[in-house]
């Protein structure tokens, strides 16, 4: 096992009032991020994939400072799936193709698309319009597309919130097996205590009322 973290955050402060503990993300590992509303979880996700620069501290990806790396290339390798995702108002298949076109990559086959939908617990045909999907289904379609890109790190924000317990467990089993098989890392935001047993590492963020600082 590689004991060198793929992503490290040290002495991070953001937005002028949030401080984070040092965080180390490892390949083939699941990191569960927990904390009360307003504790800085979503801000941390933006720092992790380089869409937000911290006001203080150091972020290393593959032992290199993120500000020294190509931001577009970085965001192809560290993918963020929020609770509210963007999908084109077309079919599921068309969305796969458009996102691959955007990345200037050859699209995967129809058979592979179906495999990723099954992995992400989407019981829908590829010809289904994304306008017909629920919010949870839209998020999981986006997860399917992101998994197909085989990123180095996948950031998921509450991926099981719209699922019953049995379906949530099945989805997490699929995703965790997938990331370990493909040498990826998974960072997960969830309030679902049932998901703790999937985590190799748990980080709990708490906001102190005195100065708003985030601490473990």
Open item on the list: Mean-square fluctuation check for the chain, GNM, Cα pairs under 10 Å: which of 90, 106, 67 is largest?
Closed with: 106
TODO: Can you tell me the 0 to 90 degree angle between the C-alpha axis of helix 92-102 and the longest principal axis of the chain, rounded to 10?
DONE: 60 degrees
Open item on the list: To make sure I understand, if each residue's beta carbon is the centre and we count other beta carbons within 10 Å, what order do 15, 114 fall in, fewest to most?
Closed with: 15, 114
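In what order do 192, 164 fall by count of nearby beta-carbon atoms within 10 Å, going from fewest to most? Display every interim value, and only then the final one.
Working: 192 18, 164 9.
Fewest-to-most Cβ neighbours within 10 Å comes out as 164, 192.
Would you mind calculating the gained length between residue 75 and residue 161 on full extension (0.36 nm times residue separation, minus the Cα-Cα distance), in nm to one decimal? If you can, show how the numbers build up before the last one.
Numbers: separation 86, 0.36 × 86 = 30.96 nm, distance 2.47 nm.
Gain in length upon complete extension: 28.5 nm.
With an 8 Å Cα cut-off and a minimum separation of 6 or more residues, compute the relative contact order for the stretch 36-153 in percent. Let's see the in-between values first.
On the way: 99 pairs, mean separation 33.4, N = 118.
Relative CO of the stretch 36-153 lands at 28 percent.
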Task: Alpha-carbon spread of the stretch 7-215, three principal axes, descending order, Å - done: 52, 38, 31
TODO: Normalise the Cα radius of gyration of the stretch 34-87 by 2.2 N^0.38 Å (N = residues in it) and let me know the number.
DONE: 1.22
Task: For the stretch 58-174: Kirkwood Rh in Å [reciprocal of mean 1/r, alpha carbons] - done: 15.1 Å
Task: Fluctuation leader among 193, 84, 148 - the chain, Gaussian network, Cα springs under 10 angstrom - done: 193
TODO: Sum -39500 (n - 2.57) across every DSSP H segment of at least 4 residues in the chain, then divide by the residue count to get the 222 nm mean residue ellipticity, nearest 500.
DONE: -9500 deg cm²/dmol
Task: Order of 98, 152 - criterion: other Cβ atoms within 10 Å of each residue's Cβ, fewest first - done: 98, 152
Task: Surface/4 of the Cα convex hull for the stretch 3-62, nm² - done: 4.1 nm²
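Taking Cα pairs under 8 Å and at least six residues apart, what relative contact order does the chain come out at, in percent? Let's see the in-between values first.
On the way: 374 pairs, mean separation 69.3, N = 216.
Taking the mean separation of contacting Cα pairs over the length of the chain, I get 32 percent.
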Task: Candidates 41, 180, 28, ranked by Gaussian network fluctuation over the chain, Cα under 10 Å, top entry - done: 180
Task: Crossing angle, helix 110-119 versus the chain [Cα axis fit, 0-90 degrees, rounded to tens] - done: 50 degrees
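Every read-out reported here was derived from the displayed coordinates using simple, explicitly stated rules and does not represent laboratory data. All values derive from a computational prediction rather than experimental measurement. Note that each Cβ is placed from the backbone with ideal geometry, even for glycine, and that neighbours are counted across all protein chains shown.
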